[in-house]
Amino acid sequence: MSSVIPVSLPQNSYDIAIASIAELGDRIQPLSKLGKKALIVSNAAIFKQYGQTVTDSLTQAGFTVSSCLLPAGERYKTPATLQKIYDAALENRLERSSVMIALGGGVIGDMTGFAAATWLRGINVVQVPTSLLAMVDAAIGGKTGVNHPRGKNLIGAFHQPRLVLIDPEVLKTLPAREFRAAIAEVIKYGIIWDAELFEMLEQAKRLDQIRAVGDELVQEMLVRSAKAKAHVVSKDEKESGLREILNYGHTIGHAIESLTNYKVINHGEGVAIGMMAAGLIAVEMGLWDRAECDRQKALIEKAGLPTQIPGGFDRSEIVPTLQADKKVKDGKVRFVLPRQIGTVIVTDQVAPDTIEKVLNSIDLLRDP
């Protein structure tokens, strides 16, 4: 089923198209002020599966196509890896009207977006996410960046894509762990925005495998998540207010990812643990009903996601690490906390003692 979801902004509005990647060339060809040079940025595994289809689609639409393959994994989301994209842009003489095509998951999307934001002070980028995590979250909204050794996405820019093209068919080749990780972001939308989506997920027999979930529910996840993020981004493009709710679960999740050097848990697993912690903080502060917090835990576990903190580091390091978070204002960490399923608040009134109490109440994860 094909769908087009608009992201309406004061400037640089664009569409999220749920369609085949074979249509990419035809869909970007009509975009205004777009030149005929395209650089596909991907990794070797993804490019092997989809690179030829994307290249053929662009070539048939009249583009001159080149490619840049990056190493796979969050640990390579660094300024040093970014240099490879800049080198490819220079070698292929990309111009301000040229377009970078981000073909991959969130890491590829973030790095390609940042490269496009900074090459020649900003060129076009099109996001073609190949993971569910990127489809429902990272590819939409224009957040781009790379990691600093002491914090995730500390180096970045807002740079909206010209188009986001989501092809549900590519999910059928997605590794099981990556699919499960993405369900964390879908659960997030249920908590912060869409109680009906949360209930749909509860009613599903299984959430840990795409085959068990089925095409119909996957389509609902994609459309509802995209609509939620498009609405929030349209109201608050650069995270000055409403958009902060999209960080639910990310504050503590990012800290744990960083402290484990991005090698123990992936992003979605970090978000799952972060949502668990944020829910317990909300209960501890009297903001959220314990029964709803338990529903969240049950849904996270149903998706095969962790609700415990991984070992290998001192959990007392989490609170100091939070001070490096991008969302800190005036030295205070800002948390997104649930009030009920479908409604959250943003607050900087979470005491460090409360955070530590909750973190100490969560078991260690034995098998991350």
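Below, the figures for the structure above:
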{"item": "Unique residue being open to solvent by 10 Å² or more (accessible area, probe 1.4 Å), touching a residue at least 24 places away in the same chain (Cβ under 8 Å), touching a strand residue (DSSP E or B) at 6+ places or on another chain (Cβ under 9 Å) and more than 17 Å from residue 185 (Cα to Cα) when the list is 325, 348", "result": "325"}
{"item": "Hits in the range 122-159 - residues which are polar (S, T, N, Q), within 24 Å of residue 50 (Cα to Cα) and part of a strand (DSSP E or B)", "result": "124, 127, 144"}
{"item": "Candidate set from the range 317-364 (those that are out of contact with any helix residue (DSSP H, G or I) (no Cβ under 9 Å at 6 or more places or on another chain) and basic (Lys, Arg)); member that is modelled with the lowest pLDDT", "result": "329"}
{"item": "Subset of the range 287-307 that is outside any helix (DSSP H, G or I) and open to solvent by less than 60 Å² (accessible area, probe 1.4 Å) - its residue that is nearest to residue 341 (Cα to Cα)", "result": "288"}
{"item": "Close pairs (8 angstrom Cβ cut-off, 6 or more residues apart or separate chains): without any contact (Cβ under 8 Å) to a residue 12 or more places away in the chain and within 15 Å of residue 361 (Cα to Cα) in the range 270-298, open to solvent by 60 Å² or more (accessible area, probe 1.4 Å) and not polar (S, T, N, Q) anywhere", "result": "283/289; 283/290"}
{"item": "Selection within the range 304-333 - closer than 19 Å to residue 357 by Cβ, under 22 Å from the mean Cα position of the chain (by Cα) and not polar (S, T, N, Q)", "result": "309, 318, 322, 333"}
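The values are calculated or read from the model by the stated rules, or taken from the named source; none is laboratory data. Every value quoted in this text rests on a predicted model; they were computed, and no experiment measured them. Every residue, glycine among them, receives a Cβ derived from its backbone with ideal geometry; neighbour counts consider all protein chains shown. Ligands, DNA and RNA are stripped out before the accessible areas are found, and what is left, the full protein with its side chains, is counted by its heavy atoms. Shrake-Rupley method; radii C 1.70, N 1.55, O 1.52, S 1.80 Å.
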